[in-house]
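Undergrad: First, the structure itself, so that you have it in front of you.
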Amino acid sequence: MAKALDGIRILDFTHVQSGPTCTQLLAWFGADVIKVEKPGSGDITREQLRDVPGADSLYFTMLNHNKRSVTLDTKSGQGKQVLERLVKSCDVLVENFAPGALDRMGFTWQRIQELNPRMIVASVKGFGPGPYEECKVYENVAQCAGGSASTTGFDDGPPMITGAQIGDSGTGLHLALGIVAALYQRNATGRGQKVLAAMQDGVLNLCRVKLRDQQRLARHGTMKEYPQHSHGKFGSAVPRAGNSSGGGQPGSIVKCKGWETDPNAYLYFITQAPVWAPICRIIGKEEWITDPDFATPDARLPRLKQVFDTIEQWTSTKTKFEAMEILNEHDIPCGPILSMEELADEPSLRATGTVVEVDHPKRGKYLSVGNPIKMSDSATEVTRSPLLGEHTEEVLAELGYATDAIADLRAKKVI
């Protein structure tokens, strides 16, 4: 079956997580992704957190499916010549080097445009233009600089980093969208362009509801749906709200049966106003349906702790799955706290390709995430990540290099 990005060739100069997330997604959609790596070592994540001796780490394999690997010494003269041919033959160059690295290699935007005016150059950087533009950024730094950490955690504790990789993988997803948009625009203009996704910007985009709340707080000095409202303690900045939903429908995490020994025996429960009556009946508080202290959302706001304590008394008698089944019968929004172990074993995720089993020649079978975006006419087949330099000769032959010329490059350690 044809893929959405068949015929698009990506020159992948990315490493670690943010860039590889982007290029892997493009590869899943059918693009031919050529990953350029340093001879002898390659992407640093091949050896980071290695769990099988002599095999690429899961860190690498889970971010580089469906790609081809070429080793190339880009500092040598002949290596630069190979790179020039690659630039001429590709549609998109993706990189997440430190600022200015491409320029120092001799591949400025102007030079790339001379070689290939249709080339799209897509970059992940820590910050956009401004005072911190030159700073090096990693996942947790991005979460802090983008507003996530300051709004995550409990009010009486320090800022918290989320386990979701919203700085790295989140920015990679943003960049992939920018690349697809630039490819579409190129159909009309015939020209390439630069695409930038800054990690700070990506995190802030995912924290937009907190920027919404900052403006509401500045206007009114309070926010009724935050737990701080019950004791009136707000500062000038959006506070950390624990497990409260921070939206129009109050929500919280409650204990379920077995919580004493199972750290994930919990359920997220939302007291949505339209289903308040069935909530009351289920938890044995039918009188709250008409009680003026509980009958309306505004009346319940200062009493949310009592409400969720009572809900928890009921959920503590049920497993999270038993509680979810009962609540879903009444359209009450809820969700189990699923561990990575439970997600890995979930049959429905295997059936949809969200979790896939991949076979690797050196590490054997392992689990990975599949394409989170499902398209009816562009099905994703997840193939293993490449061995270091596995496709070097294949790609160079496609660029027009003869067998003896490839052998000469290898002898000179250009590849």
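The values are calculated or read from the model by the stated rules, or taken from the named source; none is laboratory data. If you're wondering where the values come from, they're calculated on a predicted model, not measured in any experiment. Note: ideal-geometry Cβ built from the backbone for every residue, glycine included; neighbour counts use all protein chains shown. The accessibility values were calculated without ligands, DNA or RNA, using every heavy atom of the protein model including side chains. Shrake-Rupley method; radii C 1.70, N 1.55, O 1.52, S 1.80 Å.
Undergrad: Output the number of the condition that PRO227 fails; it satisfies all remaining conditions of (1) without any contact (Cβ under 8 Å) to a residue 24 or more places away in the chain; (2) closer than 30 Å to GLU325 by Cβ; (3) buried (at least 21 other Cβ atoms within 10 Å of the Cβ).
TA: It is condition (1) that PRO227 fails.
Undergrad: Now for a separate question. Going through segment 345-363 one residue at a time, which ones are without any contact (Cβ under 8 Å) to a residue 40 or more places away in the chain, open to solvent by less than 80 Å² (accessible area, probe 1.4 Å) and closer than 17 Å to LEU63 by Cα?
TA: Scanning segment 345-363 gives GLY353, THR354, VAL355, VAL356.
Undergrad: Determine, yes or no, whether LEU83 is part of a helix (DSSP H, G or I), out of contact with any His (no Cβ under 6 Å at 6 or more places or on another chain) and at pLDDT 95 or above.
TA: Yes; evaluated as a whole, the condition is true for this residue.
Undergrad: Oh, and also: Quick check, is GLU329 open to solvent by 80 Å² or more (accessible area, probe 1.4 Å), modelled with pLDDT of 95 or more and farther than 30 Å from ASP73 by Cβ?
TA: So GLU329 fits the description; yes.
Undergrad: Mind listing whichever residues of segment 308-325 are touching a residue at least 40 places away in the same chain (Cβ under 8 Å) and crowded, with 16+ Cβ neighbours inside 10 Å?
TA: Listed by number, the residues that qualify are PHE308, ILE311, GLU312, THR315, SER316, LYS318, THR319, LYS320, ALA323, MET324.
Undergrad: Considering only residues that are touching a strand residue (DSSP E or B) at 6+ places or on another chain (Cβ under 6 Å) and either open to solvent by 20 Å² or more (accessible area, probe 1.4 Å) or among the charged types (D, E, K, R) (or both), which ones fall in segment 144-176? Write out each step before concluding.
TA: Quick first cut of segment 144-176, residues touching a strand residue (DSSP E or B) at 6+ places or on another chain (Cβ under 6 Å) only: 171, 174-175.
Scanning segment 144-176 gives a single hit, HIS174.
Undergrad: Go through segment 6-30 and give me each residue that's part of a loop (DSSP other than H, G, I, E, B) and either within 14 Å of TYR59 (Cβ to Cβ) or without any contact (Cβ under 8 Å) to a residue 60 or more places away in the chain (or both).
TA: Residues satisfying the conditions are ASP6, GLY7, THR14, HIS15, VAL16, GLN17.
Undergrad: Here's a check for you: in segment 237-270, which residue that is hydroxyl-bearing (Ser, Thr, Tyr) and at pLDDT 95 or above is farthest from ARG219 (Cα to Cα)?
TA: Among residues in segment 237-270 that are hydroxyl-bearing (Ser, Thr, Tyr) and at pLDDT 95 or above, the one farthest from ARG219 (Cα to Cα) is THR261.
Undergrad: Do any residues in segment 189-214 that are of a type in the set (Phe, Trp, Tyr) have Cβ atoms under 8 Å from those of residues that are open to solvent by 60 Å² or more (accessible area, probe 1.4 Å) and part of a loop (DSSP other than H, G, I, E, B), where the two are at least six apart or on different chains, and which pairs are they?
TA: Filtered contacts from segment 189-214: no entries.
Undergrad: Check segment 126-134 and report whether any residue there is open to solvent by 60 Å² or more (accessible area, probe 1.4 Å), outside any helix (DSSP H, G or I) and free of Cβ contacts under 8 Å to residues at least 12 places away in the same chain.
TA: yes
Undergrad: How many of the residues in segment 129-147 are at pLDDT 95 or above and either in contact with a helix residue (DSSP H, G or I) (Cβ under 7 Å, 6 or more places away or on another chain) or among the hydroxyl-bearing types (Ser, Thr, Tyr) (or both)?
TA: Start the filter on segment 129-147 by keeping residues that are at pLDDT 95 or above, which leaves 139-147.
This time we only want the ones that are either in contact with a helix residue (DSSP H, G or I) (Cβ under 7 Å, 6 or more places away or on another chain) or among the hydroxyl-bearing types (Ser, Thr, Tyr) (or both), so: 139, 142-143, 145-147.
Residues flagged as at pLDDT 95 or above and either in contact with a helix residue (DSSP H, G or I) (Cβ under 7 Å, 6 or more places away or on another chain) or among the hydroxyl-bearing types (Ser, Thr, Tyr) (or both) within segment 129-147 amount to 6.
Undergrad: Checking the structure you have, find out if any residue of segment 114-122 is surrounded by fewer than 17 Cβ atoms within 10 Å (Cβ to Cβ) and touching a residue at least 40 places away in the same chain (Cβ under 8 Å).
TA: Yes.
Undergrad: Having 1 or more residues that are within 21 Å of ILE44 (Cα to Cα) is the bar; report the helices (runs of 4 or more DSSP H) wholly within segment 341-415 that clear it.
TA: Qualifying helices (runs of 4 or more DSSP H): 392-398.
Undergrad: Any idea which of THR61, THR74, THR14, THR21 is touching a helix residue (DSSP H, G or I) at 6+ places or on another chain (Cβ under 6 Å) and open to solvent by less than 10 Å² (accessible area, probe 1.4 Å)?
TA: Values: THR61 fails: touching a helix residue (DSSP H, G or I) at 6+ places or on another chain (Cβ under 6 Å); THR74 fails: open to solvent by less than 10 Å² (accessible area, probe 1.4 Å); THR21 fails: open to solvent by less than 10 Å² (accessible area, probe 1.4 Å).
Only one candidate passes the filter, namely THR14.
Undergrad: Okay, moving on. Quick one: would you say ASP73 is modelled with pLDDT of 95 or more, part of a loop (DSSP other than H, G, I, E, B) and closer than 17 Å to LEU399 by Cβ?
TA: So ASP73 fits the description; yes.
Undergrad: Could you go through segment 265-273 and let me know if any residue there is over 16 Å from ILE326 (Cα atoms) and not small (Gly, Ala, Ser).
TA: There is no residue in segment 265-273 that is over 16 Å from ILE326 (Cα atoms) and not small (Gly, Ala, Ser).
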